[in-house]
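The values are calculated or read from the model by the stated rules, or taken from the named source; none is laboratory data. Computed from a predicted structure; not experimentally measured. Note that each Cβ is placed from the backbone with ideal geometry, even for glycine, and that neighbours are counted across all protein chains shown. To get the accessible areas, we keep the full protein, side chains included, count just its heavy atoms, and leave off ligands, DNA and RNA. Shrake-Rupley method; radii C 1.70, N 1.55, O 1.52, S 1.80 Å.
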Amino acid sequence: MDTTWILFVTPIFLCTLILYYRNRLSLKLKPKQRNQLPLGTLGWPFIGETIDFVSCAYTDRPESFMNKRCAMYGKVFKSHIFGSPTIVSTDADVNKFILQSDAKVFVPSYPKSLMQLMGESSILLINGTLQRRIHGLIGAFFKSQQLKVQITSDMQKYVQESMANWKEDQPIYIQDETKKIAFHVLVKALISLEPGEEMELLKKHFQEFISGLMSLPINLPGTKLYQSLQAKKKMVKLVRKTVQAKRNKGIFEVPRDVVDVLLNDTSEKLTDDLIADNIIDMMIPGEDSVPVLMTLATKYLSECPPALQQLTVENIKLKKLKDQLGKPLCWNDYLSLPFTQKVITETLRMGNIINGVMRKALKDVEIKGYLIPQGWCVFANFRSVHLDEKNYECPYQFNPWRWQDKDMNSYNFTPFGGGQRLCPGLDLARLEASIFLHHLVTQFRWYAEEDTIVNFPTVRMKRKMPILVRRVEP
């Protein structure tokens, strides 16, 4: 009797809860607004479609979540992910509007655990004059010839040191190798820290920190978020010590790193704590984005022998020319290799190092007839645009030659975002990848271990891309 009653009541209760949840969201909108909302579903109460979204992200086709819903609802649809009702856009024009809008329309929005870890003063979250000021200072420094010279020298040094230890009878895990290289290069550009005991301690804390970026938003002892926050406190203490030491020494006429750049600014808002927090946030590309770019370029070249052959010939030709002149390669040599740049561009398109960006609407926004209600989030998805057959012929085929006459300034191609929050390190990412590929193809021939190459983003999750190498004569 009791069991029968439970079996009867439970479905009714769940249905009532679902209807209440959906009605609660709908009642906040006026009837006209509800009619303007894109088609779609808000999924289950509270969790929405988050489980499906995340589970698709860890397959070799993360865009399957988008594709399925685009087929049913169109390129712009409503969903509910990471605890918020969300408008998802796979439309390049809508994405362009979102990226170009200022902080009066959209502000950054991320999962709660990520926002807790970044902190309120993170450049990823702040808006207005302060965000533009910090972004402008860092962007100008990252574009400077002085830093490009330093990055080139450091990359050449660390790449050579890494490759000197590669053995022909042992698998080389490309992402592990590139992570070590890129992290050292970036940290030196940020705080002038050289490899050593302090660098290893920083790296240890950083690994603990990023492990909680997408954790459950529960800050209790023993949870992943708590451990990550504790790791960040240790990193902030270490970086703050460097900032204070530099401040005590006085202003450098020619800044050597990002800390110098920020300390030289006269704004009272750039406190030591704000600088330390943002330095840590800027370490993420050295751990994640840039190594993934180099790893995926190696993977795609392994699967496309004609592209590998053309890139190898181009780089060997440059090396021989510089050897004959008795001159070392400089940063503009690497960036002037046309086919190498096409390979990197195509890797960015296929690999989608940044899948998209999330924003929150501060007011009702209408784009192309779609309504994004005030308080709702919007997810501008880049990956679906990059892999849309209407934008790129045979989008899943690695084809660097497609960029021979194709415009990279179109909003069909946004690997580094766009607008006021365009990634300031985009040129440096290209430079580092160019240097790595140059040394790889001029010193080694390789083949991937059978059945071990995996697709993005699994390569990011498992951090594996093993190859067996054979050193070639210079």
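Structural remarks
- Checked against (1) closer than 30 Å to Asp176 by Cα; (2) open to solvent by 40 Å² or more (accessible area, probe 1.4 Å); (3) acidic (Asp, Glu), Asp281 meets all criteria but (2).
- Residues of segment 244-278 satisfying the condition of being outside any loop (DSSP other than H, G, I, E, B), among the small types (Gly, Ala, Ser) and in contact (Cβ under 8 Å) with a residue 40 or more places away in the chain: Ala276
- Test: Ile181 is part of a helix (DSSP H, G or I) and either touching a residue at least 60 places away in the same chain (Cβ under 8 Å) or exposed (fewer than 15 other Cβ atoms within 10 Å of the Cβ) (or both): yes
Residue by residue, here is whether (1) open to solvent by 20 Å² or more (accessible area, probe 1.4 Å); (2) in contact with an Asp or Glu (Cβ under 8 Å, 6 or more places away or on another chain); (3) more than 30 Å from Leu329 (Cβ to Cβ) holds:
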position	(1), (2), (3)
Cys70	yes, no, yes
Val76	no, yes, yes
Ser89	no, no, yes
Ala103	yes, no, yes
Met118	no, yes, yes
Thr152	no, no, no
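- Counting only residues that are in a strand (DSSP E or B), touching a Phe, Trp or Tyr at 6+ places or on another chain (Cβ under 7 Å) and open to solvent by less than 40 Å² (accessible area, probe 1.4 Å), segment 336-362 holds 4 of them.
- Flag for Lys157 being assigned to a helix (DSSP H, G or I), modelled with pLDDT of 95 or more and of a type outside the set (Gly, Ala, Ser): yes
- Screening segment 388-420 for residues that are at pLDDT below 90 and not small (Gly, Ala, Ser) and picking the one that is farthest from Leu124 (Cα to Cα) gives Asp405.
- Residue count for segment 249-269, restricted to those that are open to solvent by less than 90 Å² (accessible area, probe 1.4 Å) and more than 30 Å from the chain's Cα centre (by Cα): 2.
- The residue pairs whose first member lies in segment 52-63 and is closer than 20 Å to Gln397 by Cα, whose second member is in a helix (DSSP H, G or I) and open to solvent by less than 30 Å² (accessible area, probe 1.4 Å), and whose beta carbons are closer than 6 Å, counting only pairs six or more residues apart or on different chains, are Pro62/Cys56; Glu63/Arg383; Glu63/Ser384.
- Cβ pairs under 7 Å, 6+ apart, first in segment 121-142 and within 17 Å of Lys188 (Cα to Cα), second part of a loop (DSSP other than H, G, I, E, B): Ile138/Pro424; Gly139/Pro424; Phe141/Pro255; Phe142/Pro424; Phe142/Gly425
- Hits in segment 286-328 (condition: open to solvent by less than 10 Å² (accessible area, probe 1.4 Å) and β-branched (Val, Ile, Thr)): Val292, Thr295, Thr298
- Test: residue in segment 41-63 that is part of a helix (DSSP H, G or I), open to solvent by 10 Å² or more (accessible area, probe 1.4 Å) and closer than 22 Å to Tyr411 by Cα: no
- Filtering segment 296-326 to residues that are of a type in the set (D, E, K, R) and either closer than 15 Å to Leu437 by Cβ or not in a helix (DSSP H, G or I) (or both) leaves Lys299, Glu303, Glu314, Lys317, Lys319.
- Scanning segment 73-101 for residues that are basic (Lys, Arg) and part of a loop (DSSP other than H, G, I, E, B) yields a total of 1.
- Breaking point among (1) within 23 Å of the chain's Cα centre (by Cα); (2) surrounded by fewer than 19 Cβ atoms within 10 Å (Cβ to Cβ), for Ile174: (2)
- Residue satisfying all of: in segment 202-237; part of a helix (DSSP H, G or I) and open to solvent by 80 Å² or more (accessible area, probe 1.4 Å); nearest to Glu120 (Cα to Cα) among these: Lys233
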